[in-house]
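The values are calculated or read from the model by the stated rules, or taken from the named source; none is laboratory data. Computed from a prediction, not measured in an experiment: that's the story for all the values here. Cβ coordinates were reconstructed from backbone atoms using ideal geometry, including for glycine residues, and neighbour counts include every protein chain displayed. Side chains included, ligands, DNA and RNA excluded: accessible areas come from the protein's heavy atoms. Shrake-Rupley method; radii C 1.70, N 1.55, O 1.52, S 1.80 Å.
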Amino acid sequence: MLRAYRVAAGVALGAAALLSLPSSALAGALADPGVPRTWSAWQSDGTAWLAVTPDAAPPDGSVIGWRFSVAPDGARGESPGGDLPSFQAVCGRDAAGSGHKRVVVAVDFGDGEADAYPGERTPAQSAPKCVTGAEDATAAQLLAATARVRVNAQGAVVAVADYPSREKGGSEVTAAAASAAPSGSGLPITLIAAGAGALALLAGGAVAATRRRSRTGV
C-alpha cells in the first residue's frame, strides 16, 4: 500500500513539474522530431503580430517579422518572440525616395530546443533591419534583402540564411526589388549621387566662367 502511494505521489509530482515548464520547453519535450516546421510571415499593427502571406506587399512604414517554429497538423506556427520592433527606432524619420518604401524586417530563427530539428543549431538572432525596396516589393523580397531566401513551388519560404540546413530544395528569391539600408541612413543613394553630379556641373561652370573673364580682362 505504501509503495503504491509513493508511485502515485511520484507521478503527480512529475506531472506538476511538466506543467510548470515554460510552453517552449514543454513543446521541446513533447514535440516529435518528425513534426513539420515552417517559416511564417507576420506584420505588426503596433500592438501585436498579425499573420500575412509571403507575397503580401507591406506599405511604407511597416514592420514585418519572420519566425521559424514547429507547425503540427499544418498549423501556421508561432509569431516572432521578443518586443515588437519600432519603425521609428529602426528606420528613423527619413522618408524613402520616390517609388520606394522603407520597411523594418525582423527575423526570429526560433527556439533552439523547441523549434530546431534534432541536430540543427539555431543561427544567432540578429537585430531588426531597415530595408528599402520598390513600392510593390513583397514580404519575401524584403526578407531576401537581409539574407538568402528560398521558396518552394507554392511560394512558401523554406529556408532563410540556409536554415534549416536540411532543407535543400526551393528556388532563391531575388532581392533586386529591395536592398538593406542601415538605420537612419538619410537620403537615398540615388538622390545623393544626383546632388553630387549637380554640384560638379556647377563647379565646372564657375571655373569656365572665371577663365573667360580672365581672358577678356573683365
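For the range 117-140, name all the residues that are more than 14 Å from residue 63 (Cα to Cα) and touching a strand residue (DSSP E or B) at 6+ places or on another chain (Cβ under 8 Å).
117, 120, 122, 123, 125, 126, 134, 135 - these are the residues of the range 117-140 that are more than 14 Å from residue 63 (Cα to Cα) and touching a strand residue (DSSP E or B) at 6+ places or on another chain (Cβ under 8 Å).
Going through 90, 105 one at a time, which residue ends up being among the β-branched types (Val, Ile, Thr) and closer than 18 Å to residue 157 by Cβ?
Step by step, each of 90, 105 is checked, and only 105 is among the β-branched types (Val, Ile, Thr) and closer than 18 Å to residue 157 by Cβ.
Taking the range 163-174, which residues are assigned to a loop (DSSP other than H, G, I, E, B) and either open to solvent by less than 40 Å² (accessible area, probe 1.4 Å) or modelled with pLDDT of 95 or more (or both)?
164, 169, 173
Any idea how many residues of the range 58-77 are under 24 Å from residue 94 (Cβ atoms) and open to solvent by 60 Å² or more (accessible area, probe 1.4 Å)?
Residues that pass the stated criteria total 2.
Each row is one residue, and each column tells you yes or no for (1) of a type in the set (Val, Ile, Thr); (2) outside any loop (DSSP other than H, G, I, E, B); (3) at pLDDT below 95.
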site	(1), (2), (3)
25	no, yes, yes
29	no, yes, yes
32	no, no, yes
56	no, no, no
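Restricting to the range 148-162, name every residue that is outside any strand (DSSP E or B), of a type outside the set (A, V, I, L, M) and within 17 Å of the chain's Cα centre (by Cα).
Let us first name the residues in the range 148-162 that are outside any strand (DSSP E or B), namely 148, 152-156, 161-162.
So of that shortlist, the ones also of a type outside the set (A, V, I, L, M) come out as 148, 152, 154-155, 162.
Selection gives 148, 155, 162.
Condition first: touching a residue at least 24 places away in the same chain (Cβ under 8 Å), in a loop (DSSP other than H, G, I, E, B) and open to solvent by 70 Å² or more (accessible area, probe 1.4 Å). Now tell me which residues in the range 96-118 satisfy that. Steps first, answer last, please.
Going residue by residue through the range 96-118, those that are touching a residue at least 24 places away in the same chain (Cβ under 8 Å) are 96-97, 99-111, 113-118.
Restricting the remaining residues to those that are in a loop (DSSP other than H, G, I, E, B) gives 96-97, 99, 109-111, 113-118.
The answer is 113, 118.
Take the range 59-94 and flag every residue that is assigned to a loop (DSSP other than H, G, I, E, B), in contact (Cβ under 8 Å) with a residue 40 or more places away in the chain and under 13 Å from the mean Cα position of the chain (by Cα).
The answer is 62, 84, 85.
Within the range 78-95, can you find the residues that are open to solvent by 50 Å² or more (accessible area, probe 1.4 Å) and among the hydroxyl-bearing types (Ser, Thr, Tyr)? Can you show your working first?
Taking the range 78-95 as the starting set, the residues that turn out to be open to solvent by 50 Å² or more (accessible area, probe 1.4 Å) are 78, 82-84, 86, 88-89, 93-95.
Result: 86, single match.
Take residue 182 and decide whether it is at pLDDT 95 or above and either of a type outside the set (Gly, Ala, Ser) or within 22 Å of residue 91 (Cα to Cα) (or both). Give the steps one after another, and end with the answer.
Details: at pLDDT 95 or above: no; either of a type outside the set (Gly, Ala, Ser) or within 22 Å of residue 91 (Cα to Cα) (or both): yes.
Criteria not met by residue 182.
Would you point out the residue of the range 119-136, among those that are surrounded by fewer than 21 Cβ atoms within 10 Å (Cβ to Cβ) and among the polar types (S, T, N, Q), that is farthest from residue 165 (Cα to Cα)?
It comes out as 126.
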